[in-house]
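The values are calculated or read from the model by the stated rules, or taken from the named source; none is laboratory data. What you see is a predicted model, and the numbers here were worked out from it, not measured in a lab. Note: ideal-geometry Cβ built from the backbone for every residue, glycine included; neighbour counts use all protein chains shown.
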Amino acid sequence: MKIFKDKHTLQKEILKNKGISFVPTMGGLHKGHISLIKKSKKSKLKTLVSIFVNPKQFNKKVDFRSYPRNTRRDIKQLKKLNIDYLYIPTYKDIYGFKPKNKVYLDKFSKKLCGKFRKGHFEGVLNVVNRFIEIIKPRYIFLGKKDYQQLYLIKKHIEKKKIKSKVIECKTIREDNGIACSSRNSNLNKKQKKVASYIFNYLTKLKKKIKKNYNLFNINIIKKDLINLGASKVDYLENYNIESFKKIKKPNKKFNLFFAYYINNTRLIDNI
Ligand code: AMP
């Protein structure tokens, strides 16, 4: 595994390859990231993983500062996985140039997380656009856990006619059902239990509202989540996962999208 901190040295090495399979991450690696990496390795192209905690996608400084980082442990894990390249850029390496493409931000960026984290998706698309320009990946592996992010990146790539293909990867979960997330490491045992109660409650709820949509009473559900131990609920909404239209009837293919806090830790998922 070769490690790069500078885009010019990286480009010299990778642009001679037939194509790159790219797995962008913010580090704090867990089973979710590892499944993306394993899928990427099956592509037969060289696998490049990036670790960059992008300050521009955090709307609160305290959230950026408390984001779990463990680069030494990450490097160990990546070496074991035998990936080809690891890119750990500095802020200047990413933001010290003007990208050719302007970011395309689909209007869906205003919904869900976009409503509650001002500037979040602008920051995500900004960094992804830059990574794409530096790496020119053939494939980009993204997790469905962050479905809204995945959708918006796909829209940007489509609109800008970028020759990278997004490979959608299924959500990997802990044994108690909750989606693996770097942020889970900020939860103590009791808080993890709360997250699993909430996951179970919402999984059952989805089954029920598939049969009877009238059971989707947002005020009652929010109260239930608070009673289960959530500190605050940002949103809980149903969307058709292909059209990203809000569903009004239970018969369509939909996912329940939610974001909530346990103390200061914000968790998102869709089921
Ligand atoms: P992050 O490091 O949180 O920015 O995530 C990097 C990539 O891993 C994104 O494409 C995420 O959607 C994906 N990812 C994060 N958690 C999971 C998970 N539990 N299952 C699958 N993919 C995930």
Worksheet item: Pairs under 7 Å by beta carbon, first residue part of a loop (DSSP other than H, G, I, E, B) in region 153-182, partner more than 10 Å from the ligand (Cβ to nearest atom) and of a type in the set (A, V, I, L, M, F, W, C), six or more apart or different chains?
Response: Ile162/Ile132; Ser164/Ile132; Ser164/Ile157; Gly177/Phe199; Ile178/Ala195; Ile178/Phe199; Ser181/Leu267
Worksheet, complete the sentence: With the first residue restricted to region 67-90 and required to be in contact (Cβ under 8 Å) with a residue 40 or more places away in the chain, and the second required to be surrounded by fewer than 14 Cβ atoms within 10 Å (Cβ to Cβ) and in a loop (DSSP other than H, G, I, E, B), Cβ contacts under 6 Å at 6 or more apart or on different chains are Ile88/Lys5
Worksheet item: Can Leu10 be described as crowded, with 16+ Cβ neighbours inside 10 Å and either in contact with a Cys (Cβ under 8 Å, 6 or more places away or on another chain) or polar (S, T, N, Q) (or both)?
Response: no
Discussion item. Would you confirm, using the coordinates I've provided, whether Ser109 is among the polar types (S, T, N, Q) and farther than 20 Å from Phe58 by Cα?
Written reply: no
Worksheet item: So is Lys102 part of a loop (DSSP other than H, G, I, E, B), among the charged types (D, E, K, R) and modelled with pLDDT of 95 or more or not?
Response: yes
Worksheet item: Which ones in region 140-173 are at negative phi and over 16 Å from the mean Cα position of the chain (by Cα)?
Response: Ile157, Glu158, Lys159, Lys160, Ile162, Lys163, Ser164, Lys165
Discussion item. Consider region 9-33. How many of its residues are within 9 Å of the ligand (Cβ to nearest atom) and aliphatic (A, V, I, L, M)?
Written reply: 3
Discussion item. Here is a list: Tyr67, Tyr104. Which entry is among the aromatic types (Phe, Trp, Tyr) and either within 16 Å of the ligand (Cβ to nearest atom) or outside the structural domain of Gln149 (by TED's automatic domain parsing) (or both)?
Written reply: Tyr67
Item to complete: Could you give me the residue pairs with C-beta distances under 7 Å whose first residue belongs to region 200-214 and is under 13 Å from Lys248 (Cα atoms), whose second residue is exposed (fewer than 13 other Cβ atoms within 10 Å of the Cβ) wherever it lies, and which are 6+ apart or on separate chains?
Response: Tyr213/Lys249
Worksheet, complete the sentence: The condition of being outside the structural domain of Ile37 (by TED's automatic domain parsing), away from the ligand (no atom under 13 Å from the Cβ), at pLDDT below 95 and surrounded by fewer than 19 Cβ atoms within 10 Å (Cβ to Cβ) holds, among Asn227, Asn219, Asn214, Asn200, only for Asn214
Worksheet item: Which condition number does His120 fail, the rest of (1) farther than 21 Å from Asp93 by Cα; (2) under 15 Å from the mean Cα position of the chain (by Cα) being met?
Response: (1)
Worksheet item: From Thr203, Thr171, which residue is in contact with a Cys (Cβ under 9 Å, 6 or more places away or on another chain), of a type in the set (S, T, N, Q) and closer than 16 Å to Asn270 by Cβ?
Response: Thr171
Response to the item:
Picking from Ile226, Ile220, Ile198, Ile167, the residue that is within 23 Å of Asp106 (Cβ to Cβ) and among the hydrophobic types (A, V, I, L, M, F, W, C) would be Ile167
Item to complete: Could you tell me whether region 39-50 includes any residue that is of a type outside the set (Ser, Thr, Tyr) and within 13 Å of the ligand (Cβ to nearest atom)?
Response: yes
